[in-house]
Amino acid sequence: MTNSPFTPGIVPARLDGSLLQENFVDLHAALDPHEALVAADRCYFCHDAPCITACPTTIDIPLFIRQIATGTPEAAAKTIFDQNILGGMCARVCPTETLCEQACVREAAEGKPVEIGRLQRYATDTLMAQGIHPFRRAAPTGKHVAVVGAGPAGLACAHRLAMHGHAVTIYDARPKAGGLNEYGIAHYKATDGFAAAEVAWLLKIGGIMVQTGVTLGQDIMLDTLHANHDAVFLGLGLAGVNALHAEGEERKGVMDAVGFIAELRQASDLATLAIGRNVVVIGGGMTAIDAAVQAKLLGAQSVTVLYRRGRDAMPASRYEQDLAASKGVRFIFNAMPVTILGNGAVTGVRVEYTKAEGSSLVGTGETFDIPADQVLKAIGQTLDGAPGGLEITGGKIAVTGPGRTTRKGVWAGGDCASGGEDLTVTAVAQGRDAAEDIHVTLLG
Amino acid sequence: MADLSSDFLGIKSPNPFWLASAPPTDKAYNVVRAFTAGWGGVVWKTLGEAGPPIVNVNGPRYGAIWGADRRLLGLNNIELITDRPLEVNLREIKQVKRDWPDRAMIVSLMVPCEEQAWKAILPLVEDTGADGIELNFGCPHGMSERGMGAAVGQVPEYIEMVARWCKQNTRMPVIVKLTPNITDIRYPARAAKKGGADAVSLINTISSIIGVDLERFSPEPSIDGKGSHGGYCGPAVKPIALNMVAEIARDPQTRGLPISGIGGVTTWRDAAEFLALGAGNVQVCTAAMTYGFKIVQEMISGLSQYLDRHEMTLSELIGRATPNVTDWQYLNLNYVTKAHIDQDACIKCGRCYAACEDTSHQAIAMSPERVFTVKDDECVACNLCVNVCPVENCITMERMPGGSVDPRTGLVVSDQPADWTTHPNNPAARTAAE
C-alpha cells in the first residue's frame with residue numbers, strides 16, 4: 001500500500017485490500033434461519049396492516065412473515081413476488097424506516113418495528129438460491145411491447161407483460177441491464193452482483209429480449225418503436241444531472257456523485273478506485289449519502305456533506321444520516337457552496353450559510369472555506385433525452401392513472417414519470433401497474 | 001401447487017380447512033367473509049330448537065392465557081349456542097349455500113335428547129340445502145346443565161341413540177362432535193359408529209377455568225365477581241386433540257370411521273399433523289378468532305408446498321402416520337440416542353444444563369468458559385435439553401449405530417429391534433413352559 005488517508009489529491013488504494021473488502025460487505029447481514037424465526041415471531045398479523053398500506057407495491061407483509069414463521073419461506077417469497085418482482089432488491093434498498101417499518105405497530109408500541117426488510121430478504125434469498133422462478137408465462141398473445149429502460153420500472157413492467165403472454169423487448173442505453181439497481185445503489189447494499197443475478201432470475205419468465213447499448217433518440221426513435229410494437233413503456237430514469245451554479249464548477253476534481261457511484265459499483269477491484277483526501281459532497285438525498293459513505297469507506301480522510309437546508313428537510317432519512325455519521329461523515333446543514341476554490345484542480349469549497357426568506361433560501365453573507373480535493377455533486381437528476389411529442393410536467397413525463405402518457409399507446413413509469421417518490425419500490429409499482437393497463441388495453 | 005380439494009363423506013370443498021361451529025360461523029356476514037378469504041367450508045354455529053332464543057351472559061364470555069410476547073395460547077369461553085332465532089339462521093344458511101355452492105356447509109345441532117325434537121329440526125335443516133349436520137355433544141358449559149352438549153357426549157348410549165335418530169330421519173351425512181371431557185375417547189366414538197354416524201369430529205372444548213382474578217378472587221372471565229367453567233381451546237389443546245384423533249383412527253372398532261380433526265389448528269403444520277394422524281379434514285376456530293380469516297391463506301400455501309415437497313396427494317397424507325401410533329410396549333428399546341449440542345449454534349444460555357443437572361440425569365457438563373457438552377455416559381436421551389433449548393436444531397438426538405457400545409450402560413447397541421413384550425424384566429414375557 002503506497003497511499004494512506006493522508007495522501008494529498010485523488011488517489012487509489014488509500015486503504016489496504018482487506019480493509020476495503022471489509023468496508024464494503026453487506027450493510028445488513030442476511031438473517032440466518034434462527035434469526036428469521038425470532039424476527040418473524042414478533043409480527044402481530046395485523047388486520048388491514050399499516051405496513052401493507054405503507055408499501056408502494058402493497059406487499060402482503062403479515063402473510064409473508066407468517067409464512068416464514070411457519071417454515072415456508074418459499075411461499076413467503078411467492079407472496080412478495082406476486083406484488084413486487086424485484087422484492088429481493090427492494091429488501092436491500094428500500095428506506096424501510098420511512099415505509100413499512102415506520103408504519104409497523106411495534107414501532108408505535110416499542111420503538112422497535114418488526115424487521116420487515118430483512119425478513120423480506122430472507123424469504124426472497126431463500127427462493128432465489130434454489131433457482132426457482134415461481135411464475136409461468138401465459139400462452140403467447142401475439143402482442144409485442146417495447147420497454148425502454150432496463151431499470152426497476154422497465155423490468156417490473158416487462159415481467160408482468162411477459163407473465164400475461166406478451167412478447168417484450170427491453171432497450172437500455174447502458175451495457176448492462178438493471179438501471180439504478182446495477183449502477184446507482186451503494187455497493188454495500190447490493191453485494192455479490194445481486195442486481196445482475198436478479199435480472200437473470202427475472203428473465204426466467206421467458207418472452208423478454210434485452211438489448212443493451214441502445215439509446216433512445218440516438219439508436220432508436222420513439223416513433224419507430226411506436227409503429228413497430230403494440231405498446232411502448234418508457235422507464236428512462238433520470239439521466240441528466242443538475243448543475244451546481246457555483247463559480248469554479250469546471251475545476252478538476254468536481255464530478256457527479258451518480259457517476260462516482262456507478263464507477264464504484266462496476267469496479268472489479270476497489271483498490272483501483274481513486275478518491276480524494278478531503279471530499280465534499282453537495283446535496284441531501286440518498287445519492288449524497290451513498291456517495292459520502294462510500295468515499296469514507298474508500299479511505300478519504302475527511303468527508304463532508306453540505307446541505308443547503310436544515311436536517312429536518314433533508315430527503316435522506318435520519319437512519320441514513322446516522323449511518324453516514326457512524327462511518328465518520330460530517331454534515332453541515334444550512335450551507336451552500338458559492339465558489340469551488342483552486343487553480344486547475346480543486347483545493348477547497350467556499351461555503352455560505354443560508355437562511356429561509358419567505359419560500360426561498362438566501363445566503364446570510366457569512367462564508368467559510370473547507371479544504372477539498374474532490375467535490376461530488378448530488379443535487380438531483382433531471383430527465384434527459386425524453387422523446388418529443390410527450391407532455392412534460394415538473395420536469396417529468398406527464399402521466400395519468402397507471403402510467404398513461406399524453407400519447408396513445410405510450411406508457412411511462414419510474415423516476416422519469418410524474419408522480420410518486422423516486423424510489424426503486426415506487427418504480428416497480430408503476431411498471432407493474434402500467435403493464436396491467438397495457439395488458440387490458442391490448443386485449444380489451 | 002398441490003391440489004387441496006377435499007372430499008369428506010362425499011362433501012366437496014376446495015380445501016380441507018373448515019371453520020368449526022363457533023362464534024365465527026354464527027351469521028351469514030361472518031361466513032361470507034370466511035368464504036371470501038378462502039375457507040373451504042364451515043360448520044354453522046349450533047342451532048337449537050325453535051322457540052325463545054338462547055340467552056347469553058352480558059359480561060365477558062372469553063378468557064385467555066398467553067405465552068411470551070402475549071401470544072395467545074389458549075382461550076376459553078362461556079358462550080352458549082346461537083342466540084339468534086332459528087328461522088333467521090336457517091334462512092341465512094340457505095342463502096349462503098346457494099351463493100357458495102362449492103363450499104361445504106355443515107349445520108351444527110343441539111336439541112333436547114328426545115326423538116321428537118330431532119325429528120322436528122332435521123327437515124328444516126335439510127331444506128336449506130346444507131351438505132350435512134354435526135351433532136353438538138360436546139359443549140361443556142351451560143347447555144350441559146340442561147341435559148344437552150357434553151351431558152349427552154359423556155354417555156355413549158345417548159350418543160348412539162341420537163345418532164340413530166338422526167340417521168333415520170335425514171338423508172344428510174351425520175357427523176358426531178365428541179367431547180374430550182371423558183376418560184376414554186374411544187367409547188363415544190364407537191357409540192357414534194354403532195348409531196350409524198358417518199363421521200366423528202373432535203375435540204370440542206375442554207372444561208376449564210382459565211384464570212383467577214387475584215384482587216376480586218373471581219374465576220375469569222368474571223361475571224359480577226363470579227365465574228363458571230368454560231370450554232378451553234386454542235394451540236394449547238392441540239396435543240390432547242391429536243391423541244384423541246389417533247386413538248380413534250387406530251382403534252380396531254372405529255378404524256376407517258372418517259374423522260374431522262379439531263383442536264388448536266393454527267398453521268398449515270398443525271393441520272398436516274391432524275391429517276397425518278387420520279383426520280380427513282380439519283376444523284379451525286381459535287386461530288381465526290385470534291388472527292382473522294386471512295390465516296387460511298398461509299394454511300393453503302403451506303400445506304400445498306408441503307405436499308409438493310413430498311410429492312404426495314392430500315389423500316396420501318391422510319392417515320399416513322396412523323400406523324406409527326402404537327402402545328408403549330411396542331417401542332423399540334434398542335433405539336439408543338444421545339443428545340448432541342451444536343457448539344456453533346449454541347448461545348450459551350445454560351438452560352439445558354439447569355434442566356439436566358437439576359431435574360434429570362446430570363448428563364451435561366459446563367466448563368468455566370460456558371461450553372456445554374453432553375456426557376454420553378450419563379445421557380439417557382430424555383430430550384428435555386432439546387425441549388428447553390431456545391435455538392431450534394441446536395441440540396439434536398443422535399442415534400448410536402448398531403455394534404457401538406453405549407457408554408452409559410456398557411452394553412453393545414443391537415441393530416435388531418426389541419421391545420418390552422420380550423424384555424427379560426417383563427414378567428409377562430416369560431413363556432409358560434419355562
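So the values come out like this:
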item	result
Residue tally, condition touching a residue at least 60 places away in the same chain (Cβ under 8 Å), touching a Lys or Arg at 6+ places or on another chain (Cβ under 7 Å) and buried (at least 19 other Cβ atoms within 10 Å of the Cβ), over region A:342-382	2
Residue check for residue B:399: free of Cβ contacts under 8 Å to residues at least 24 places away in the same chain and surrounded by 12 or more Cβ atoms within 10 Å (Cβ to Cβ)	no
Residue in region B:347-369 that is acidic (Asp, Glu), assigned to a helix (DSSP H, G or I) and surrounded by 14 or more Cβ atoms within 10 Å (Cβ to Cβ) present	yes
Residue in region B:141-148 that is within 18 Å of residue B:9 (Cα to Cα) and not aromatic (Phe, Trp, Tyr) present	no
Close pairs (8 angstrom Cβ cut-off, 6 or more residues apart or separate chains): more than 14 Å from chain B (Cβ to nearest Cβ) in region A:42-59, part of a loop (DSSP other than H, G, I, E, B) and small (Gly, Ala, Ser) anywhere	A:56/A:420
Residue list for region B:368-399, restricted to those being among the hydrophobic types (A, V, I, L, M, F, W, C), closer than 11 Å to residue B:339 by Cα and more than 34 Å from the chain's Cα centre (by Cα)	B:374
Qualifying residues in region A:1-20 (those that are among the polar types (S, T, N, Q) and not in a helix (DSSP H, G or I)) - the one farthest from residue A:280 (Cα to Cα)	A:2
Test: residue B:339 is more than 30 Å from residue B:198 (Cα to Cα), part of a helix (DSSP H, G or I) and away from chain A (no Cβ under 14 Å)	no
Residue count for region B:250-300, restricted to those that are among the charged types (D, E, K, R), touching a residue at least 12 places away in the same chain (Cβ under 8 Å) and more than 14 Å from every other protein chain (Cβ to nearest Cβ)	2
One residue from B:238, B:294 being of a type in the set (D, E, K, R) and under 12 Å from the mean Cα position of the chain (by Cα)	B:238
Residue within region B:173-182 that is of a type in the set (D, E, K, R) and over 20 Å from the mean Cα position of the chain (by Cα) present	no
Condition met for residue B:303 (part of a helix (DSSP H, G or I), under 15 Å from residue B:16 (Cα atoms) and more than 11 Å from chain A (Cβ to nearest Cβ))	no
Residue in region B:73-81 that is away from every other protein chain (no Cβ under 14 Å), among the aliphatic types (A, V, I, L, M) and farther than 16 Å from residue B:23 by Cα present	no
Verdict on residue B:308 being surrounded by fewer than 13 Cβ atoms within 10 Å (Cβ to Cβ) and out of contact with any Phe, Trp or Tyr (no Cβ under 6 Å at 6 or more places or on another chain)	yes
Total residues in region B:102-143, condition assigned to a loop (DSSP other than H, G, I, E, B) and in contact (Cβ under 8 Å) with a residue 24 or more places away in the chain	17
Count of region B:370-391 residues which are within 14 Å of chain A (Cβ to nearest Cβ) and surrounded by fewer than 14 Cβ atoms within 10 Å (Cβ to Cβ)	1
Close pairs from region B:58-69: first over 16 Å from residue B:231 (Cα atoms), partner part of a helix (DSSP H, G or I) and charged (D, E, K, R), Cβ under 8 Å, at least 6 apart	B:69/A:41
Segments classed as helices (runs of 4 or more DSSP H), wholly inside region A:171-261, with at least 3 members that are under 19 Å from residue A:410 (Cβ atoms)	A:222-228
Residue count for region A:184-219, restricted to those that are over 23 Å from residue A:442 (Cα atoms), surrounded by 19 or more Cβ atoms within 10 Å (Cβ to Cβ), among the β-branched types (Val, Ile, Thr) and at pLDDT 95 or above	1
Whichever residue in region A:303-328 is in contact with a strand residue (DSSP E or B) (Cβ under 6 Å, 6 or more places away or on another chain) and free of Cβ contacts under 8 Å to residues at least 40 places away in the same chain and, among such residues, is nearest to residue A:288 (Cα to Cα)	A:305
Lone unmet requirement of (1) at pLDDT 95 or above; (2) under 24 Å from residue A:253 (Cα atoms); (3) over 26 Å from the mean Cα position of the chain (by Cα) for residue A:333	(3)
Single unsatisfied condition, residue A:106 versus (1) under 30 Å from residue B:273 (Cα atoms); (2) within 12 Å of chain B (Cβ to nearest Cβ)	(1)
Single condition residue A:84 does not satisfy, out of (1) polar (S, T, N, Q); (2) away from chain B (no Cβ under 14 Å); (3) surrounded by fewer than 24 Cβ atoms within 10 Å (Cβ to Cβ); (4) in contact with a Ser or Thr (Cβ under 8 Å, 6 or more places away or on another chain)	(3)
Unmet requirement for residue A:79, which otherwise passes all of (1) more than 14 Å from chain B (Cβ to nearest Cβ); (2) closer than 22 Å to residue A:163 by Cα	(1)
Looking only at region A:60-73, and only at residues there that are more than 7 Å from every other protein chain (Cβ to nearest Cβ) and within 28 Å of the chain's Cα centre (by Cα), the one that is farthest from residue A:107 (Cα to Cα)	A:73
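Table: residues versus (1) without any contact (Cβ under 8 Å) to a residue 40 or more places away in the chain; (2) aliphatic (A, V, I, L, M); (3) buried (at least 20 other Cβ atoms within 10 Å of the Cβ).
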{"site": "B:145", "(1), (2), (3)": "yes, no, no"}
{"site": "B:157", "(1), (2), (3)": "yes, no, no"}
{"site": "B:163", "(1), (2), (3)": "yes, yes, yes"}
{"site": "B:167", "(1), (2), (3)": "yes, no, no"}
{"site": "B:170", "(1), (2), (3)": "no, no, no"}
{"site": "B:175", "(1), (2), (3)": "no, yes, yes"}
{"site": "B:190", "(1), (2), (3)": "no, no, yes"}
{"site": "B:208", "(1), (2), (3)": "no, no, yes"}
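Every residue, every condition in (1) surrounded by fewer than 14 Cβ atoms within 10 Å (Cβ to Cβ); (2) more than 22 Å from residue B:222 (Cα to Cα); (3) at pLDDT 95 or above, yes or no:
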| residue | (1), (2), (3) |
| --- | --- |
| B:10 | yes, yes, yes |
| B:13 | no, yes, yes |
| B:29 | yes, yes, yes |
| B:36 | yes, yes, yes |
| B:47 | no, yes, yes |
| B:66 | yes, no, yes |
| B:72 | no, no, yes |
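The values are calculated or read from the model by the stated rules, or taken from the named source; none is laboratory data. Computed from a predicted model, the values in this text were never measured in an experiment. Note that each Cβ is placed from the backbone with ideal geometry, even for glycine, and that neighbours are counted across all protein chains shown.
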